[in-house]
Amino acid sequence: MPVPFLDLPGQYQNLKQEIDAALQSVISRGAFAGGPFVEEFEKKFADFCGVQHCIGLHSGTAALTLLLQAYDIGPRDEVIVPVNTFIATAEAVSILGASPIFVDCEESSGLIDVSKIEAKVSQKTKAIIPVHLYGQPADMEEILNIAKRHNLLVFEDACQAHGALYKSKSMGSLTHGAAFSFYPGKNLGAFGEAGAVTTNDPTIAHTICMLREHGQSSKYHHDLVGWNERMDGIQGAVLLVKLTHLKAWNEKRRSIAARYKKELLGVGDIRFITEKPDRTPIYHLLVLRTAKRDALQEYLKKHDIQTGIHYPVPLHLTKAYAHLSYKKGDFPIAEHLTQEILSLPMFPEMKEEQIEEVCTAIKNFF
Ligand SMILES: *Cc1c(COP(=O)(O)O)cnc(C)c1O
């Protein structure tokens, strides 16, 4: 039995009636760009995160970019980001003309290593963007303390962490602002591209609302040079339906993760990205570690089991950032993890037999 990495068609089948009705109402009302469905989603998602404002946008990348821009991050500024993240975290910084400053990660959790942040703070540093990688909250208390000592802004890259908790607080509510992605494969996924910013700052919320719509304060009155980064009405409607299932889906992911760990701990040299105390991760990805990663991935592929590597190249070694002149060895932990990590199939619709299939194949490999 083939096991996909995730099963979006399967998820749609489970929600078909609700989703079809939602899509139909967007079409019959002609509410395509922004509009009532997006507004309703913004209210519901703000409540879900426990924040005052949510601004629906076209992607998580737009959310990161507009959030930084609203706080006036630009040329001459430095922003601290983990080196082992999806490129969008750093890209948003670069697009605004600012410089991403990379920090290595912790070996056990893969999260930004807070003990290495302060050494990277300079006169130019404006902000830190911790990433709640794989759905596990970063060390927010320590990061907020560092920011306080150096008078820095903190923004969460919460693109993998919809509903994850840190000391019972929801991701997206802990800092000056957070970016979420609703890319189809995320825990809360649209039918195309979508994202959002959450913040408790009304001025910032207002600025981002202007920026997403060509800097408009009212129709065709442009106070800023902005972007076209609105959320589509269809995405707002789909996300409204899916948001009602998100808590249950996250629970399901946690139980699948527990199941994998129970089956696979002690098999070969397998370890898992560890859970840290005081937080509830939502397992956007379930990541194991083994020195035989490449061979294992190849073996699983032959047995029709899809896996992924998040991410195969740490940002300092990408061509996109070659101009920063980093070299191999500059971020040894991230470089090491990159060789060992493997993301297993993980989606809430996963059947018992599919989990069994993956675990049996891995045991057979070892
Ligand atoms: C998905 C993701 C993004 C970007 O989101 P898009 O909606 O694809 O633009 C940014 N950061 C992280 C950590 C992500 O996983």
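For this structure, a couple of remarks:
- In the set (1) in a helix (DSSP H, G or I); (2) surrounded by fewer than 18 Cβ atoms within 10 Å (Cβ to Cβ), the condition left unmet by Glu275 is number (1).
- Number of positions in the range 244-284 that are within 20 Å of the chain's Cα centre (by Cα) and on the phi > 0 side of the Ramachandran plot: 2
- Qualifying residue in the range 28-39 (condition: in contact with a helix residue (DSSP H, G or I) (Cβ under 7 Å, 6 or more places away or on another chain), assigned by TED's automatic domain parsing to the domain that holds Lys126, within 16 Å of the ligand (Cβ to nearest atom) and within 27 Å of Leu96 (Cα to Cα)): yes
- Residue that is modelled with the highest pLDDT, among those in the range 25-72 that are more than 22 Å from the chain's Cα centre (by Cα) and of a type in the set (Phe, Trp, Tyr): Phe37
- Pair list, Cβ under 9 Å, 6 or more apart: the range 336-348 residue in the same structural domain as Ile256 (by TED's automatic domain parsing), other residue at pLDDT below 95 and not in a helix (DSSP H, G or I): none
- Considering the range 63-93, and only residues there that are within 9 Å of the ligand (Cβ to nearest atom) and in a loop (DSSP other than H, G, I, E, B), the residue that is least open to solvent (accessible area, probe 1.4 Å) turns out to be Thr85.
The values are calculated or read from the model by the stated rules, or taken from the named source; none is laboratory data. The model shown is predicted, which means the values in this text are computed figures rather than measured ones. Ideal geometry is used to build each Cβ from the backbone, glycine not excepted, and the neighbour counts take in all protein chains shown. Quick note on the areas: whole protein, heavy atoms, side chains included, nothing else; ligands and nucleic acids left out. Shrake-Rupley method; radii C 1.70, N 1.55, O 1.52, S 1.80 Å.
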